[in-house]
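Below you'll find the structure, written out as structure tokens, and then a few comments.
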Amino acid sequence: MRTIYLDVLFLNNMLVDYLLLLTTARFCGEICARMRMVCGALIGGAGAVFFFFEPFPLWAGIPLKIGFCFLICAVVFGLHPHGGLCRLALLFFLVTLCFAGVVFACGWFCSG
């Protein structure tokens, strides 16, 4: 049985969320205050701990995670008119998927 420490789970997710938000902001050309990105990363770290302790069924987990994605983007980038928040949330999601793919590939090629 593995031991998972809450502080490590929280801090790792917070750091990764900060880097993902920074990458998303650079891709979009958005200028964001560092404190807003730190607040978004704090929400992301808290969300990781929340989802770790509350395993949701698929029908409930996906909308909650999408809601967290929109909440993080709204805190960091603000509310944009004309679907700008949807565009930023989608890009944040795509950057997250790309980063996860790179981490998976590195783990797969380097294991053994």
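Table for the structure above
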item	result
Breaking point among (1) polar (S, T, N, Q); (2) open to solvent by 50 Å² or more (accessible area, probe 1.4 Å); (3) assigned to a helix (DSSP H, G or I), for T3	(3)
Any pair with Cβ under 6 angstrom, 6 or more apart, that starts in the stretch 92-109 at a residue that is open to solvent by less than 50 Å² (accessible area, probe 1.4 Å) and ends at one that is of a type outside the set (A, V, I, L, M) and part of a helix (DSSP H, G or I)	F92/T24; F92/C73; V95/T23; V95/T24
Search result, residues across the stretch 10-21 that are surrounded by 16 or more Cβ atoms within 10 Å (Cβ to Cβ) and hydrophobic (A, V, I, L, M, F, W, C)	F10, M14, V16, L20, L21
Search result, residues across the stretch 20-46 that are over 22 Å from C86 (Cβ atoms) and either among the β-branched types (V, I, T) or under 15 Å from the mean Cα position of the chain (by Cα) (or both)	V38, L42, G45, A46
Output for the stretch 42-86, where each listed residue is open to solvent by 30 Å² or more (accessible area, probe 1.4 Å) and among the aromatic types (F, W, Y)	F50, F51, F52, F53, F56, W59, F68, F70
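A quick yes/no check of all residues on (1) at pLDDT 95 or above; (2) of a type in the set (G, A, S):
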site	(1), (2)
M1	no, no
Y5	no, no
V8	no, no
L11	yes, no
M14	yes, no
T24	no, no
C28	no, no
C32	no, no
A41	yes, yes
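The values are calculated or read from the model by the stated rules, or taken from the named source; none is laboratory data. Predicted model only: the values in this text are computed from it and were never measured. In this analysis, Cβ positions are derived from the backbone assuming ideal geometry, glycine residues included, and neighbour counts consider all displayed protein chains. All accessible areas refer to the heavy atoms of the entire protein, side chains included, with ligands and DNA or RNA removed. Shrake-Rupley method; radii C 1.70, N 1.55, O 1.52, S 1.80 Å.
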